[in-house]
Amino acid sequence: MRRMSQKGKLREKRGTGSGADYKPWIQTGEFGSRGTTSNPIDWKTGRQVQLLSQGEAIAWYLLRWDDDNLDVREQFPLELEETKKIAEAYGIKHPADRSGNPVVMTTDFLVTRANGEIAISIKSDLKSFKANNRAIEKAYIEKKYWERQGVPFYLLTKEDMNRAMADNIRNVVAFYNADFFPDAISLLKKLIARKLIAVDMTKPINFRNLLHEHKGEVKKWMK
């Protein structure tokens, strides 16, 4: 898939919808090199998710696991005219294409919670971010945009997130909709994913040992 023009994205109604019907503004297939992009399936909606970095992947699993987060929309577009006004007001050069035409900016995640929305930007690490003046400028536009929308804005790095927990979540949700289980551990993972068995997800899990602890509960679900 080649890079799509902004007009093409608007025709496809990118950045609209919610839940299973949401269409991210940016898709991983638009990049020549896939690098650290990934496309997990949202186990709650069945939608293919478009994640552009390892940091985004970690954040997405953590956000999606939290049942207080009703919807998680990645690569969410900001209104171009509004970001242009903000850039002009603060003397910042607005992101543009090679021809100098302003381009639509995006926020990594717009999260709909039970009590409102929050916007989240993911950075690899704080030290690199602070050393990159251009990255700071773009993040400032993003921050001011969400402030004007009345939406709290957060900047997170991989250092702020629990990688072990994200790995555990990724491991168990692979069995969320499974109907066939080659072994009892696979069934255990489904029960954890469905939150029918509660375990500490914040530390690396040894599923063989965990099965021994919960063998009675797992046996009840075996056909």
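The values are calculated or read from the model by the stated rules, or taken from the named source; none is laboratory data. Fair warning: this is a prediction, and the values are worked out from it, not measured in the lab. A quick note on method: Cβ atoms are made from the backbone with ideal geometry, for glycine too, and the neighbour counts reach across all protein chains shown.
Is it the case that the stretch 99-120 has a residue that's touching a Ser or Thr at 6+ places or on another chain (Cβ under 6 Å), hydrophobic (A, V, I, L, M, F, W, C) and surrounded by fewer than 16 Cβ atoms within 10 Å (Cβ to Cβ)? Looking through the stretch 99-120, none of the residues is touching a Ser or Thr at 6+ places or on another chain (Cβ under 6 Å), hydrophobic (A, V, I, L, M, F, W, C) and surrounded by fewer than 16 Cβ atoms within 10 Å (Cβ to Cβ). When Leu156, Leu210 are checked against the criterion of being aliphatic (A, V, I, L, M) and under 30 Å from Glu79 (Cα atoms), Leu156 stands alone in meeting it. For the stretch 122-172, how many residues are under 30 Å from Ile192 (Cβ atoms) and of a type in the set (Phe, Trp, Tyr)? Of the residues in that region, 1 qualify. Put simply, of Tyr140, Tyr145, Tyr176, Tyr154 the only residue that is under 23 Å from Met201 (Cα atoms) and hydroxyl-bearing (Ser, Thr, Tyr) is Tyr176.
Let's see how each residue does on (1) touching a Gly at 6+ places or on another chain (Cβ under 6 Å); (2) modelled with pLDDT of 95 or more; (3) under 25 Å from Arg47 (Cβ atoms):
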| position | (1), (2), (3) |
| --- | --- |
| Ile169 | no, yes, yes |
| Val172 | no, yes, yes |
| Phe175 | no, yes, yes |
| Asp183 | no, no, no |
| Lys190 | no, yes, yes |
| Lys203 | no, yes, no |
| Asn209 | no, yes, no |
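Within the stretch 128-146, residues that are more than 16 Å from Glu88 (Cβ to Cβ) and of a type outside the set (S, T, N, Q) reach partners that are at pLDDT 95 or above and part of a helix (DSSP H, G or I) with beta carbons closer than 6 Å, at six or more positions or on different chains, in the pairs Phe129/Ala135.
Taken over the stretch 19-53, the criterion of being acidic (Asp, Glu) and either closer than 20 Å to Thr157 by Cα or not in a helix (DSSP H, G or I) (or both) is satisfied by Asp42 alone.
Among the residues making up the stretch 197-218, those that are assigned to a loop (DSSP other than H, G, I, E, B) and in contact (Cβ under 8 Å) with a residue 24 or more places away in the chain are Met201, Thr202, Lys203, Pro204, Ile205, His214. Just so you know, in the stretch 124-179 the residues that are of a type in the set (Phe, Trp, Tyr), closer than 16 Å to Thr106 by Cβ and in contact with a strand residue (DSSP E or B) (Cβ under 6 Å, 6 or more places away or on another chain) include one that is surrounded by the fewest Cβ atoms within 10 Å (Cβ to Cβ), and it is Tyr154.
In this structure, is Glu82 in contact (Cβ under 8 Å) with a residue 40 or more places away in the chain, within 21 Å of Thr157 (Cα to Cα) and not assigned by TED's automatic domain parsing to the domain that holds Leu191?
No; evaluated as a whole, the condition is false for this residue.
Consider Arg47 carefully, then state whether it is surrounded by 12 or more Cβ atoms within 10 Å (Cβ to Cβ), touching a strand residue (DSSP E or B) at 6+ places or on another chain (Cβ under 8 Å) and either within 25 Å of Lys143 (Cβ to Cβ) or at pLDDT below 95 (or both). No, not satisfied.
From the list Glu56, Glu74, which residue is part of a helix (DSSP H, G or I) and among the acidic types (Asp, Glu)?
Glu56
Here Arg73 passes the criteria (1) at pLDDT 95 or above; (2) in contact with a Ser or Thr (Cβ under 9 Å, 6 or more places away or on another chain); (3) surrounded by fewer than 14 Cβ atoms within 10 Å (Cβ to Cβ) except the one numbered (3).
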